[in-house]
Structures are given as C-alpha cells and as structure tokens.
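Below is a structure I'd like to ask you about.
The values are calculated or read from the model by the stated rules, or taken from the named source; none is laboratory data. This one's a predicted model, so the numbers in the text were calculated from it and none came from an experiment. Virtual Cβ from ideal backbone geometry, glycine too; neighbours counted across all protein chains shown.
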Amino acid sequence: MPFRQRDLLLVPVPFSDLTHRKVRPVVVLSNDAYNREGPDVLVAAITSNMAPRPYTLPLDTPQLEEGTMRRPSLIRSDKLFSIDQSIVFGRFGRVHVETLVRIGEEIRALLAAGM
C-alpha cells in the first residue's frame, strides 16, 4: 500500500561517507496520486537537533493528526529527497494539513531567497 501525503515514516538514511546508515524520521510531501503511481515518495527530513536554522518548522505531538513524537523536533524544509517506498521501516503518524501548508511556505521561501 502506498504511503500518503503527510505520513511520518522511519527510513534508513546513509551517512555522507556512505559507510553506515541510521534510521531517521521523515514526512511525506508528495501527493497521494504521485505516491500511488510510482515507487518513490518525496520527503523532508526531521531532526531532533533543535539548533535554530532557517527553513525549519517545529514538530511535536500537537502538530500531529495521528501518532506521537518521542521528542520535540524540527522539519528540515531544506533537506528534501526522494526515497523508494520499499525501504521504509514503518509509519508512526501523520501531520496536520496546516503543517504541510507551512512546509510548502518554507520551501517557497527557500527557492525565492536568492531572487
């Protein structure tokens, strides 16, 4: 079954030197039609490192429609990548629509920053 837009997933993410990987949370950004049609989903990284950064949004249990966060985190709107749905370890929640809208606003701001 394909994952849905706004789902929170656990996925393997390689270290930059590609020697190891860690399981990390991500939020699905791609729409449901895209997710059904192909093997990939577009996601944004989530980090528990709360150091202030541009293009991040706070994420904690109140921002979830389903599930719970183990600790306060940040959605990294500047860390987007495509993953094959077959490598997902599991789903643990879903963000509110308002959170997805805010992610989109941060991505638009990132793309417009140099213009």
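Can you tell me which residues in the range 79-104 are surrounded by fewer than 12 Cβ atoms within 10 Å (Cβ to Cβ) and among the charged types (D, E, K, R)?
Asp84, Glu98
Return the pair list, or none, for Cβ contacts closer than 6 Å from residues in the range 23-45 that are over 20 Å from Arg108 (Cα atoms) to residues that are among the acidic types (Asp, Glu), at least 6 apart or on different chains.
The qualifying pairs are Pro39/Asp84; Asp40/Asp84.
Has the range 46-63 got at least one residue that is of a type outside the set (Lys, Arg) and in contact with a Phe, Trp or Tyr (Cβ under 9 Å, 6 or more places away or on another chain)? Lay out the reasoning, then the answer.
So the first thing to find is which residues in the range 46-63 are of a type outside the set (Lys, Arg), and the list is 46-52, 54-63.
Retained after the next criterion (residues that are in contact with a Phe, Trp or Tyr (Cβ under 9 Å, 6 or more places away or on another chain)): none.
No - not one qualifying residue is present in the range 46-63.
Kindly provide the set of residues from the range 1-15 that are surrounded by fewer than 16 Cβ atoms within 10 Å (Cβ to Cβ) and basic (Lys, Arg), ordered by number.
Within the range 1-15, Arg4 is the sole residue that qualifies.
Got a number for residues in the range 48-98 being touching a residue at least 40 places away in the same chain (Cβ under 8 Å), closer than 22 Å to Arg108 by Cα, among the polar types (S, T, N, Q) and out of contact with any Asp or Glu (no Cβ under 6 Å at 6 or more places or on another chain)?
Of the residues in that region, 2 qualify.
Could you list, in sequence order, the residues of the range 19-47 that are over 19 Å from Phe89 (Cβ atoms) and of a type outside the set (D, E, K, R)?
Step one: of the range 19-47, the residues over 19 Å from Phe89 (Cβ atoms) are 19, 31-34, 36-38.
If the condition is that a residue be over 19 Å from Phe89 (Cβ atoms) and of a type outside the set (D, E, K, R), then Thr19, Asn31, Ala33, Tyr34, Gly38 are the ones that fit.
Taking the criterion of being out of contact with any Ser or Thr (no Cβ under 9 Å at 6 or more places or on another chain) and buried (at least 19 other Cβ atoms within 10 Å of the Cβ), would at least one residue in the range 56-78 satisfy it?
no
Which one of the conditions (1) at pLDDT 95 or above; (2) loosely packed, with under 13 Cβ neighbours inside 10 Å does Pro52 fail to meet, given that it meets all the rest?
Condition (1) is where Pro52 drops out.
Considering only residues of the range 16-30 that are in contact with a strand residue (DSSP E or B) (Cβ under 9 Å, 6 or more places away or on another chain) and not basic (Lys, Arg), which is surrounded by the most Cβ atoms within 10 Å (Cβ to Cβ)?
Within the range 16-30, the subset in contact with a strand residue (DSSP E or B) (Cβ under 9 Å, 6 or more places away or on another chain) is 20-30.
Add one more test, that the residue is not basic (Lys, Arg), and what stays is 20, 23, 25-30.
Details: His20: 8, Val23: 10, Pro25: 22, Val26: 24, Val27: 24, Val28: 27, Leu29: 21, Ser30: 18.
That would be Val28.
Exactly one of (1) within 16 Å of Asp78 (Cα to Cα); (2) assigned to a strand (DSSP E or B); (3) of a type outside the set (Val, Ile, Thr) is unmet by Leu8. Its number?
(1)
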